[in-house]
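Accompanying notes for the structure given below.
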Amino acid sequence: MLSFPMAVSPGETKFGVLTLCWRGFVCAGLLFLAAGGDAAAQSETRFFRIGTASTGGSFFEIGGLVASAISSPVDGSSGCGPGGGCGVPGLVAVAQATQGSMENLRLVNDGQLESGFAQADLAEMAYQGNGAFAEQTPMPRLRAIGSLFPEAIHVVVRSESPIRTVADLSGKVVAVGEAGSGTAANAKMLLAAAGFGDADVTRRNLRPAQAAEEMKAGSVDALIVAGSYPVPAIQQLAATMAIRLVPVDGAVAAKLEAEVPAYNDAAIPAGTYRNVDTDTRSVGFSALWLVNADADPDLIHEITRAVWSDGAVRLFAGLGPIGRQIGLSSALDGVSLPLHPGAERFYRERGMSVAGLPRAEDPPKEKTP
């Protein structure tokens with residue numbers, strides 16, 4: 001089994017856990033860690049981090065609930081969560097704020113993080129070493145636990161903005177996501193598909209919450225966010241000012257879908273955000289939960305069981321529209337990587353077909369420097 005050193009600073013890890021506690025999500029293990037615990041208890045406890053993204057995005061919100069669903073500390077204090085969902089005995093999971101998909105893919109492939117969320121399109125590129133990862137070595141150690149929920153590219157403007165199409169972003173100031181995030185990679189591909197060069201759009205690397213504040217201040221004309229709907233930062237922005245969503249459709253969508261197999265047609269439903277009363281066409285992809293190929297198969301089997309338990313699904317549904325999209329029936333939708341053997345065993349036991357999913361028999365060859 002892999003040994004997992006700390007991949008980010010303790011401050012970042014602490015921030016993620018404390019934020020989850022403040023939101024009422026999983027705090028399993030926080031008091032244990034603070035108290036230190038005795039050596040015997042520590043030897044029986046396994047810690048499992050879930051790389052998410054920055055606060056204000058879909059990954060961070062869901063990560064806390066997933067951590068709660070799979071945790072079951074050895075003292076039995078949190079053996080079963082709300083609704084009767086029981087976690088993995090002896091496992092303490094925490095959601096960890098990261099820069100998002102791009103960082104999570106690297107850390108999980110390199111064995112520096114136990115697991116992480118990533119967009120299916122970027123996961124496939126990282127595994128194959130193409131697209132956004134064309135200048136990097138392929139990441140053949142990536143494996144999927146399953147698909148969590150669908151995501152879509154959001155292009156957000158003020159309601160009175162003259163921007164009606166992606167082409168109208170020419171000459172504008174656009175928030176394109178935190179550097180190194182999945183949103184930043186998607187924004188780069190989106191703007192390229194629209195024919196924009198580096199000088200055609202002024203790009204600001206901002207987290208979703210920061211981008212929302214800049215839009216309220218009038219210092220950015222549009223923001224691009226990749227995430228499930230509703231994206232918390234966009235939802236909060238819409239509650240304080242009138243916004244509009246710009247469709248990603250026509251030739252731009254066709255070019256993206258032709259270049260990236262994991263992309264598909266998507267629609268952000270009317271009513272997702274305040275005063276946005278019509279469906280908005282876009283391109284979408286699945287959000288995957290990933291681990292390293294060397295992770296213990298029995299542990300991953302138990303984690304997969306726990307995350308798809310009836311109690312866990314009820315727990316997710318309590319989050320709202322995003323959470324209600326998480327369920328076993330869609331666990332294999334849009335999976336663009338080979339399944340981890342432990343996860344695959346679970347799905348086969350449940351009578352689910354894994355035919356047609358990527359296989360690991362012929363991993364991509366390492367690129368020569």
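Some values worked out for this structure:
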{"item": "From the options GLU213, GLU178, residue that is within 17 Å of THR52 (Cα to Cα), among the charged types (D, E, K, R) and assigned by TED's automatic domain parsing to the domain that holds LEU237", "result": "GLU178"}
{"item": "Residues (outside any loop (DSSP other than H, G, I, E, B), hydrophobic (A, V, I, L, M, F, W, C) and surrounded by fewer than 21 Cβ atoms within 10 Å (Cβ to Cβ)) located in segment 257-291", "result": "ALA258, ALA266, ALA267"}
{"item": "Residue match in segment 298-311 (condition: surrounded by fewer than 16 Cβ atoms within 10 Å (Cβ to Cβ), within 27 Å of GLY90 (Cβ to Cβ) and at pLDDT 95 or above)", "result": "yes"}
{"item": "Identity of the residue in segment 201-216, charged (D, E, K, R) and modelled with pLDDT of 95 or more, that ends up nearest to LEU191 (Cα to Cα)", "result": "ARG203"}
{"item": "Those residues of segment 339-359 which are surrounded by 17 or more Cβ atoms within 10 Å (Cβ to Cβ) and either of a type in the set (A, V, I, L, M) or touching a strand residue (DSSP E or B) at 6+ places or on another chain (Cβ under 6 Å) (or both), in sequence order", "result": "LEU339, HIS340, ALA343"}
{"item": "Any hit, segment 64-82, residues being of a type in the set (Val, Ile, Thr), at pLDDT 90 or above and touching a strand residue (DSSP E or B) at 6+ places or on another chain (Cβ under 9 Å)", "result": "yes"}
{"item": "Qualifying residue in segment 189-201 (condition: in contact (Cβ under 8 Å) with a residue 40 or more places away in the chain, closer than 18 Å to GLU257 by Cα, in a helix (DSSP H, G or I) and more than 21 Å from the chain's Cα centre (by Cα))", "result": "yes"}
{"item": "All positions within segment 189-241 that are surrounded by 20 or more Cβ atoms within 10 Å (Cβ to Cβ) and of a type in the set (Asp, Glu)", "result": "ASP221"}
{"item": "Condition check for ILE224: in the same structural domain as GLY182 (by TED's automatic domain parsing), in contact with a strand residue (DSSP E or B) (Cβ under 8 Å, 6 or more places away or on another chain) and under 19 Å from ASN275 (Cβ atoms)", "result": "no"}
{"item": "Residue, surrounded by the fewest Cβ atoms within 10 Å (Cβ to Cβ), within segment 140-182, restricted to residues that are basic (Lys, Arg) and in a loop (DSSP other than H, G, I, E, B)", "result": "ARG164"}
{"item": "Segment 34-55, subset in a loop (DSSP other than H, G, I, E, B) and buried (at least 24 other Cβ atoms within 10 Å of the Cβ), residue modelled with the lowest pLDDT", "result": "ALA53"}
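The values are calculated or read from the model by the stated rules, or taken from the named source; none is laboratory data. Computed from a prediction, not measured in an experiment: that's the story for all the values here. Counting neighbours? That spans all protein chains shown, and the Cβs are built from the backbone with ideal geometry, glycine included.
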